[in-house]
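A short write-up of the structure that comes next.
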Amino acid sequence: MSATAKFRENVEGLRRIAWDVAAKVVDPEVPVLTIEDLGVLRDVRIADDGVVEVDITPTYTGCPAMGVFTMDIETELAKAGFGEVRINTVLSPAWTTDWLSEEAREKLRDYGIAPPAGKASRRALFGDDEVTCPRCGSKNTEKVSEFGSTACKALWRCCDCAEPFDYFKCI
Amino acid sequence: MKDQLFAYVLRLADDAAILGQRLGEWCGHAPTLEEDIGLANIGLDYIGQARALYTYAGEIEGKGRDEDQLCFLRHEREFSNCLLVEQPNGDFAETIAREFFFAAFMLPFWTRLKASRDETLAAIAAKAEKEAAYHLRHSAEWVIRLGDGTGESHERMQDAVEALWIYTGELFEVDDTLATLIADGIAVDPEPIRTEWRETVARVLSEATLAIPEEGYAQTGGRSGIHTEHFGHLLSEMQYMQRAYPGLKW
Ligand SMILES: [Zn+2]
């Protein structure tokens, strides 16, 4: 193997390690989901100057968790021995709940948050999603408020088991 | 061209920042806990949009001004937000009417801006569109609930609609800056939105059993820095921290 090929292989190896480290950072507001589960982590590169470049995308433009993600990624990479880190916020393509994997949805349900119902598409002015209660599985639920504990969640209530719960909004 | 783009991004940023500030004033004062959270959440969406837009405006300007400097260290006459967003919260009905008129414009606006030749604006628009859909729905539901509610709530909602109506015409105003950028495929021409806006407003107000005000005089001036008397008071509160502690960072 030529020296250049070997060098490239090493860089790719480093990149993968850096990705795995960054991917473990969890959402402070939904601690069962990592930024990889969420689709917030978009790319990790090793730049020519050796700096680790991480691209993240916000779920909502005003999402206060972005600052925490940035700090946590820097901390985790530093702990893993990486030097300088550059974190870029990318806006395009716009984040959508469609990026949540089946596994991530399952984790949300286990945690007591109803995962987004259906595909994100342009919403009608009126009319609600059909949301399943994450505790008892009933579809007999009602919206309490469009806005819940964080920007990404709405507050719902189950009419069968009477539990209130968070619903991860479909956007 | 660069100057016009800077001015355009700045007015979008100012609209979002000022409305975000107004909604933030409700924090801890809203009529119910759900609404307190709701209004703060909507305000946060606007502040998020403003941050992305101010940051971009700073890059276009190229003088090293960041989001904080643009938002907190400009004077009243340098702000180019529309007059609607700076209007005081009033009672809950006025806050809802302001939100409804604005969101009914912004939703079709962002949808169109997604096709802008400016990639950054198109990217911000794609995110903001999803948020605007929620803002419109939230405010439209309240317009109906209050308009078609009790005698008292109906009267207050009607008063709010009439009080703010005069400021809605400015949303469709086209000045030279805007005309140039529309021709370049960067800015959105507000004129075609007018029909959609009127339809949304008419549909919601009629379902709310409210009278639709007649077309009439439109108060403008915000885009060129001529604001209503409420604006200075808003700025003095919003900018207090950066003025008192220059360069303060969270
Ligand atoms: Zn249940």
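The values are calculated or read from the model by the stated rules, or taken from the named source; none is laboratory data. All of these numbers come straight from a predicted model, not from anything done at the bench. Note: ideal-geometry Cβ built from the backbone for every residue, glycine included; neighbour counts use all protein chains shown. For accessibility, only protein heavy atoms count, side chains too; no ligands or nucleic acids. Shrake-Rupley method; radii C 1.70, N 1.55, O 1.52, S 1.80 Å.
Among the residues of segment B:232-245, the one identified as in a loop (DSSP other than H, G, I, E, B) and in contact (Cβ under 8 Å) with a residue 24 or more places away in the chain is B:Gln239. Of the residues B:Glu155, B:Glu86, B:Glu129, B:Glu76, the single one that is of a type outside the set (A, V, I, L, M, F, W, C) and within 14 Å of chain A (Cβ to nearest Cβ) is B:Glu129.
B:Glu229 falls short of the stated requirement of being of a type in the set (Asp, Glu), within 14 Å of chain A (Cβ to nearest Cβ) and farther than 13 Å from B:Gly169 by Cα. Residues that are open to solvent by 60 Å² or more (accessible area, probe 1.4 Å), modelled with pLDDT of 95 or more, more than 17 Å from B:Leu19 (Cβ to Cβ) and assigned to a helix (DSSP H, G or I) do occur in segment B:222-231, at least one of them.
Within segment A:146-157, being open to solvent by 10 Å² or more (accessible area, probe 1.4 Å), among the charged types (D, E, K, R) and more than 9 Å from the ligand (Cβ to nearest atom) holds for one residue alone: A:Glu146. In the set A:Arg86, A:Arg123, only one residue is surrounded by 12 or more Cβ atoms within 10 Å (Cβ to Cβ), at pLDDT below 90 and over 19 Å from A:Arg157 (Cα atoms); that residue is A:Arg123.
Summed over segment A:44-78, the residues that are of a type outside the set (Ser, Thr, Tyr), out of contact with any Lys or Arg (no Cβ under 9 Å at 6 or more places or on another chain), away from chain B (no Cβ under 14 Å) and free of Cβ contacts under 8 Å to residues at least 40 places away in the same chain give a count of 5. Restricting the first member to segment B:89-107 and to residues that are farther than 15 Å from B:Ala140 by Cβ, and the second to residues that are among the basic types (Lys, Arg), the beta-carbon pairs closer than 7 Å and six or more apart or on different chains are B:Asn89/B:Arg22; B:Asp91/B:Arg156. Of all the numbered requirements in (1) open to solvent by 60 Å² or more (accessible area, probe 1.4 Å); (2) touching a residue at least 60 places away in the same chain (Cβ under 8 Å), B:Asp3 misses one, and that requirement is (2). The criterion of at least 2 residues that are modelled with pLDDT of 95 or more and within 30 Å of B:Glu59 (Cα to Cα) is met by the following helices (runs of 4 or more DSSP H) wholly inside segment B:104-204: B:119-147, B:176-183. Within segment B:45-58, if we keep just the residues that are crowded, with 23+ Cβ neighbours inside 10 Å and at the interface with chain A (Cβ under 7 Å from one of its Cβ atoms), the residue that is farthest from the chain's Cα centre (by Cα) turns out to be B:Ala52. B:Gln158 falls short on exactly one of the conditions (1) buried (at least 20 other Cβ atoms within 10 Å of the Cβ); (2) touching a Phe, Trp or Tyr at 6+ places or on another chain (Cβ under 9 Å), and that condition is (2). Would you check if B:Pro213 is open to solvent by less than 20 Å² (accessible area, probe 1.4 Å) and under 22 Å from the mean Cα position of the chain (by Cα)? Answer is no for this residue. Here the condition is being within 16 Å of the ligand (Cβ to nearest atom) and surrounded by 13 or more Cβ atoms within 10 Å (Cβ to Cβ); of A:Lys107, A:Lys143, it holds for A:Lys143 alone.
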